[in-house]
Amino acid sequence: QVQLVESGGGLVQPGGSLRLSCAASGFTLDNYAIGWFRQAPGKEREGVSCISRSDGSTYCADSAKERFTISRDNAKNTVYLQMNSLKPEDTAVYYCAADRAQRAVVVGKPFYWGQGTQVTVSS
């Protein structure tokens, strides 16, 4: 079976930090691009604007890189999203997703999706 499983979500205070994990089973992430997405209740799914490329490089857009960092550990078949200085508007279910094609992740249409982990930022 092919699965992506997110973990590390929870309740944090504004300004706090979380590290989300995305562990793959049934296949290896070595040659995949991985991205993070999130969806709040009543809102459309949106990209977190960070991607781990299949060549091992990582990228976060200007809008995200001040607070978010994406990383990959191929030996553990796991990708991470470090989130700092969290704000209430970051509250959402966070999903990781993977595809062999980088473009599929960039346009929000990767082949494999996880089930999501809840992140709540509140005082």
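The values are calculated or read from the model by the stated rules, or taken from the named source; none is laboratory data. Computed from a predicted model, the values in this text were never measured in an experiment. Virtual Cβ from ideal backbone geometry, glycine too; neighbours counted across all protein chains shown. Heavy atoms of the whole protein, side chains included, go into the accessibility calculation; ligands, DNA and RNA do not. Shrake-Rupley method; radii C 1.70, N 1.55, O 1.52, S 1.80 Å.
Checking each residue in segment 11-31 for being closer than 24 Å to SER63 by Cβ and not aliphatic (A, V, I, L, M) picks out GLN13, PRO14, GLY15, GLY16, SER17, ARG19, SER21, CYS22. In segment 1-45, counting only strands (runs of 3 or more DSSP E) that sit wholly within it, the ones holding 1 or more residues that are over 20 Å from PHE68 (Cα atoms), of a type in the set (Ser, Thr, Tyr) and open to solvent by 20 Å² or more (accessible area, probe 1.4 Å) span 18-25. Counting only strands (runs of 3 or more DSSP E) that sit completely within segment 53-123, those holding 3 or more residues that are closer than 12 Å to GLU6 by Cβ correspond to 78-83, 92-99, 117-121.
Out of all the residues in segment 53-72, is one or more within 14 Å of the chain's Cα centre (by Cα), among the polar types (S, T, N, Q), at pLDDT below 90 and open to solvent by 50 Å² or more (accessible area, probe 1.4 Å)? Within segment 53-72, one or more residues are within 14 Å of the chain's Cα centre (by Cα), among the polar types (S, T, N, Q), at pLDDT below 90 and open to solvent by 50 Å² or more (accessible area, probe 1.4 Å). Quick one: is SER49 hydroxyl-bearing (Ser, Thr, Tyr) and either touching a residue at least 24 places away in the same chain (Cβ under 8 Å) or surrounded by fewer than 12 Cβ atoms within 10 Å (Cβ to Cβ) (or both)? No.
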